[in-house]
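The values are calculated or read from the model by the stated rules, or taken from the named source; none is laboratory data. Treat the numbers as computed from the prediction; the structure is a model and nothing was measured. Glycine also receives a Cβ, built like all others from the backbone with ideal geometry; neighbour counts cover every protein chain displayed.
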Amino acid sequence: MRLLAAAPGIRTHLGLLTWLRSVDMQQILPHDILLAAWGNLRGGAFEFDIVSDLPGVRTSAVEADKLQAPTRQLFAHWQDHGEQPCTVAGDVLQGALASLALASRSMLVHGLRDRRTGQDCMYVLVSPAAGHGAETAGALAALLPHIDLGFRQVATLPRRSARPTVQPYHEHATAMPRMQPEQITVPATSGQFNTPAMTERELQIMRWVEMGKTNHEIGAILDISAFTVKNHLQRIFKKLDVYSRAQAVSRFKDSMLHG
C-alpha cells in the first residue's frame, strides 16, 4: 500500500503535512487537524506538535499553557476507554484553538506507551464530521504505528511559550531552545564589528536554515510566505555581514557557541 510505504521517507514537517493531507489518508482517516503529544501525559511535562493546513493552526501559534489541561483530559478519557480509539467532542480544545469553531467538530483519540522510555504518546484527529464510526476507529488503530513513525522522523517545532522540557519522544528530533533576542550576539572578528541582536522571528528562521530547510519549507512551518522568509534572510545576512546561507549558518553557530 503506497500510503504505508511513504511513511519511512518522511523527513520534514511539510512532508508530514503532505502525507497526512493526501487523498489516500483522508479517505481512510478524514481530519483537518492532527495534534500529537508525548511525554508524561499523566500529570508531568510533555511536548506537542500540531499538523494542519488551516490558516493560523500551527504549533508555534498555540500557547502551551492553554493546551496542558485539555491534553491531559483527552489522555485520561482514552485511558478510561481501555486505551482504545475513542471519540470526544471537539470543544474540549476550544480554549487552546480559540480561532476555530470546534463545537461542531469531533475528535478521534488514540495513543501508545513507549516501553523503552516510559513516555506516553497521544494522537488526536480533529474532523469537521459530527462523529467517527467503528471503521474509522479501526483504521486509526491500524495506521497509528505508521503515523507515529512519521512524527518521530520530524524535528519538533519552536514553541510560542516556554515550559519545562522533556527528552523528545521522537528519536530523531532536534530540540531547539528558545532564546530571547538579547541572548544572541555575534562575536567580534578582526574587523571588530558588532552585529545587532536578532529578533525572535529571525532566530526561528536561522534555526530552520541551519537544519537545511528551504524558504518554502520554512514559510510553511512558520505560516508566512517564502517571500517574507527571503526578506528576513536578507536582513539577517546584513546583520551577520555575510553573503550566503552557508556563511550565515557558520556565523550563527559561532554566535550560539560564544555569544
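Residues in the range 4-33 that are farther than 19 Å from HIS110 by Cβ and either of a type in the set (Gly, Ala, Ser) or in the same structural domain as GLY219 (by TED's automatic domain parsing) (or both): ALA5, ALA6, GLY9, GLY15, SER22. Per the listing THR189, THR165, the residue uniquely modelled with pLDDT under 50 and more than 25 Å from the chain's Cα centre (by Cα) is THR189.
Yes/no per residue for (1) modelled with pLDDT of 85 or more; (2) in contact with a Gly (Cβ under 9 Å, 6 or more places away or on another chain):
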residue	(1), (2)
ILE33	yes, no
ASN40	yes, yes
ALA61	no, no
ASP65	no, no
GLN79	yes, yes
GLN84	yes, no
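Residues in the range 38-57 that are in contact with a Lys or Arg (Cβ under 9 Å, 6 or more places away or on another chain) and either surrounded by 15 or more Cβ atoms within 10 Å (Cβ to Cβ) or of a type in the set (A, V, I, L, M) (or both): LEU41, ALA45, PHE46, GLU47, PHE48, ILE50, VAL51, SER52. The set of residues in the range 1-20 that are touching a Gly at 6+ places or on another chain (Cβ under 6 Å) and of a type in the set (Gly, Ala, Ser) contains only ALA7.
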